[in-house]
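Scroll down for the structure; my scribbles are underneath it.
The values are calculated or read from the model by the stated rules, or taken from the named source; none is laboratory data. Quantities reported herein were computed from a predicted structural model and do not represent experimental measurements. No Cβ is skipped: glycine too gets one built from the backbone with ideal geometry, and neighbour counts run over all protein chains shown.
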């Protein structure tokens, strides 16, 4: 039992490290995107505009998207697989909401703006007016999430008084760590984000927590 506990702790720490690593990488890529797009906006040479916007779009597709999905996945799995949960602390709930909003902005707003910016650069037209807003907001939001993780403000959340499921078994953390490696590898090979592994891992982790919560609730209910 002691060996199993140490093994679980080892994999959990590895997942925490991967969450920090992918989150920092996500922020760094957002800032790199901002620099490239600002360079394109300030350039008078069309060739520079095309090069900068094309590099920004490629960076978004190959690296930023993979870091965003794996950062979100590892954070969700850690919440679902430990005592932190999603709604027991307000700062965790806010981080979770910001992550979902960021993913929506990245998929449905930023990627479309980047494609439009490349097309505009190639034809000599003006880039979308909000082209710099997306990466700037994204980097700022990640920085704010980092502060939340350190400060842990605002006290307990709406489910703080309910029974807490125990830490997930080791295989959940192993699965999440393997998903990070697999998703980054697949994205690098294919050249496009394919967050299927992250999605499956999140569903498994959240489903396991939901089942564990139901068992704990039934066990503590009065006869």
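Among the candidates 40, 28, 32, the residue that is crowded, with 18+ Cβ neighbours inside 10 Å and under 18 Å from the mean Cα position of the chain (by Cα) is uniquely 32. When the criteria are applied in full, residue 160 fails the requirement of being surrounded by 12 or more Cβ atoms within 10 Å (Cβ to Cβ), more than 18 Å from the chain's Cα centre (by Cα), at pLDDT 90 or above and not in a helix (DSSP H, G or I). Quick one: would you say residue 126 is without any contact (Cβ under 8 Å) to a residue 24 or more places away in the chain, in a loop (DSSP other than H, G, I, E, B) and more than 19 Å from residue 60 (Cβ to Cβ)? Yes. Does residue 179 count as surrounded by 12 or more Cβ atoms within 10 Å (Cβ to Cβ) and modelled with pLDDT of 95 or more? Yes, satisfied. Quick one: would you say residue 142 is closer than 19 Å to residue 195 by Cα and under 14 Å from the mean Cα position of the chain (by Cα)? Answer is no for this residue. Scanning region 183-192 for residues that are within 28 Å of residue 82 (Cα to Cα) and either outside any helix (DSSP H, G or I) or at pLDDT 95 or above (or both) returns no hits. Confirm whether residue 118 is under 30 Å from residue 46 (Cβ atoms), modelled with pLDDT of 95 or more, touching a helix residue (DSSP H, G or I) at 6+ places or on another chain (Cβ under 6 Å) and crowded, with 18+ Cβ neighbours inside 10 Å. It is true that residue 118 is under 30 Å from residue 46 (Cβ atoms), modelled with pLDDT of 95 or more, touching a helix residue (DSSP H, G or I) at 6+ places or on another chain (Cβ under 6 Å) and crowded, with 18+ Cβ neighbours inside 10 Å. Of the residues making up region 163-171, one or more are farther than 25 Å from residue 19 by Cα and more than 16 Å from the chain's Cα centre (by Cα).
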